Amino acid sequence: MMINMNPLFSEEENLVKDLAQKIATKVLKPNSNTWSKQSHFPKAALDAFAESGLMGMLIPEAYQGSNATYTAYALALIEIAKGDAGCSTVLSVHNSVASLPILQFGDDQQKNLFLADLATGKKLGCFCLTEPQAGSDASNIQTTAVKIQGQYRLNGVKQFITVGHQAQLAIVIAHSQPFPHLPPSKNLTAFIVPTDTKGFNVGRIEHKMGQATAPIAQIILENCDIPESYRLGAEGEGYKIALSQLESGRIGIAAQAVGMAEAALEESILYTTQRQTFGKYLYEHQAISFKLADMATKLAAAKQLVLYAAKLKDLKLPALKAAAQAKLFATEQAEKIVSDALQLFGGYGYLQDFAIEQIYRDVRATTLYEGTSEIQKMIIARELLKH
Ligand SMILES: Cc1cc2nc3c(=O)[nH]c(=O)nc-3n(C[C@H](O)[C@H](O)[C@H](O)COP(=O)(O)OP(=O)(O)OC[C@H]3O[C@@H](n4cnc5c(N)ncnc54)[C@H](O)[C@@H]3O)c2cc1C
């Protein structure tokens, strides 16, 4: 079947977008409302992502990944988020912060052992950075990694871990104190932890506002012994490893926000061309058509920032500021666009029968995770004032 080729993107990028769009419309969207009541990342979504190569988008073919560009990655996440926001969160976490640290910092043995399983979806990944007292201030991590007879013993509590209880593999950042005279951020170390390791325990599964298909769990590490060969990078590199991957993570979150806003705009266009008040279709009231125009313009600007940050990554150019700007702008604007969309639906927007109600709850998380809006502003300001 012919696909709609956008000349701005390569053939491969168009194909990835089309594939993601098909999964979104055939597998995700028809089930999203039912899944929203279950608080579970569904197997049907995992299978569809795995079959189509979406679980290893940024992993090279040598490890059975699809070696897609960041642009293709962003386009795919936009489409998946239109089908189900929570599923796009899991896909983003798995592809970026759960897989890329191994690709970028792993040794050959670690890459051979773990990457293909992640890229093919045989194993689902999670990323354990946040703790009850350490969110924005990730350097305040209290989880310890103590070296005992060629192993590391991990102890501590990780908070808000997306699919922490469903994943098979975790990237865990812990405090290993290699350089006690240096600041906390120089004393963190990253580990690859198979979640069936004794002492990797699931605590509370949180009740949250939306994105039921991206459940979050508290992970309690209790004398969780990990072989030294599962340490990622050198001792003291944990903070660097965690933050370096947040750049690609942020592009993913910005893209999913664009997807949710796009879905909200499409729902709004449909609704305002069907519903009538005062003898006219809603869109025929200028106030309403102007609102649609504003929503579409904010969305276009957000999308451009996301694709610009992705392009910088594709060109291997510095993307820290661009990724933070994309994340800040796209998530903040998406929240406004979705809120405006709900307003256009009137009272019906508040009903669970209408998709917009779920999107409104789902989009709220995007300004919080992978660095809050305030943290993005700190990064942008720091980059501006660097010289
Ligand atoms: C749905 C969801 C999924 C998540 N998934 C994961 C995951 O998979 N893995 C993981 O490790 N973490 C995950 N997180 C955690 C997330 O990254 C943190 O919640 C986030 O970093 C904020 O940390 P915090 O909640 O502790 O807020 P805090 O750091 O306590 O911040 C509270 C408020 O203060 C603001 N603030 C803090 N410091 C400053 C400052 N210096 N200047 C100005 N404002 C400031 C913040 O922006 C925020 O508004 C997830 C969170 C959510 C909600």
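The values are calculated or read from the model by the stated rules, or taken from the named source; none is laboratory data. Note that this is a predicted model, so its numbers are computed, not measured. So basically every Cβ, Gly included, is an ideal-geometry build from the backbone, and we count neighbours across all protein chains shown.
Of all residues in the stretch 165-192, which are modelled with pLDDT of 95 or more and of a type in the set (S, T, N, Q)? Correct list: GLN166, GLN168, THR189. Filtered by the rule that a residue be farther than 23 Å from GLU206 by Cβ and among the acidic types (Asp, Glu), the stretch 81-140 gives ASP107, ASP108, ASP117. Would you mind stating whether ASN112 is touching a strand residue (DSSP E or B) at 6+ places or on another chain (Cβ under 7 Å) and either of a type outside the set (A, V, I, L, M) or assigned by TED's automatic domain parsing to the domain that holds PHE200 (or both)? No. Suppose we keep only residues that are surrounded by 15 or more Cβ atoms within 10 Å (Cβ to Cβ) and hydroxyl-bearing (Ser, Thr, Tyr) within the stretch 17-43. Which one would you say is nearest to THR69 (Cα to Cα)? Applying the filter and picking the extreme gives SER32.
For THR195, the requirement of being under 30 Å from GLY259 (Cβ atoms), at pLDDT 95 or above and not assigned by TED's automatic domain parsing to the domain that holds SER92 is met. Of the residues making up the stretch 142-153, just one is within 15 Å of the ligand (Cβ to nearest atom) and in contact (Cβ under 8 Å) with a residue 60 or more places away in the chain, namely THR143. Filter the stretch 356-379 for residues that are near the ligand (Cβ under 10 Å from one of its atoms), touching a residue at least 60 places away in the same chain (Cβ under 8 Å) and more than 14 Å from the chain's Cα centre (by Cα) and give the result. Those that are near the ligand (Cβ under 10 Å from one of its atoms), touching a residue at least 60 places away in the same chain (Cβ under 8 Å) and more than 14 Å from the chain's Cα centre (by Cα): GLU374, ILE375, GLN376. If you go through the stretch 155-191 and pick out every residue that is in contact (Cβ under 8 Å) with a residue 60 or more places away in the chain and away from the ligand (no atom under 15 Å from the Cβ), you end up with 2. In the stretch 241-256, the qualifying residues are those that are out of contact with any Gly (no Cβ under 9 Å at 6 or more places or on another chain) and of a type outside the set (A, V, I, L, M), and the one that is surrounded by the most Cβ atoms within 10 Å (Cβ to Cβ) is GLN256. Filter the stretch 40-83 for residues that are under 15 Å from GLY125 (Cβ atoms), under 14 Å from the mean Cα position of the chain (by Cα) and among the aromatic types (Phe, Trp, Tyr) and give the result. If the condition is that a residue be under 15 Å from GLY125 (Cβ atoms), under 14 Å from the mean Cα position of the chain (by Cα) and among the aromatic types (Phe, Trp, Tyr), then PHE41 is the only one that fits. The number of residues in the stretch 308-326 that are surrounded by fewer than 23 Cβ atoms within 10 Å (Cβ to Cβ) and outside any loop (DSSP other than H, G, I, E, B) comes to 8.
Looking at the stretch 296-330, which of its residues are basic (Lys, Arg) and touching a residue at least 12 places away in the same chain (Cβ under 8 Å)? Scanning the stretch 296-330 gives LYS298, LYS303, LYS311, LYS313, LYS321, LYS327. Comparison of GLN304, GLN274 shows that the only residue that is of a type outside the set (D, E, K, R), in a helix (DSSP H, G or I) and surrounded by fewer than 16 Cβ atoms within 10 Å (Cβ to Cβ) is GLN304.
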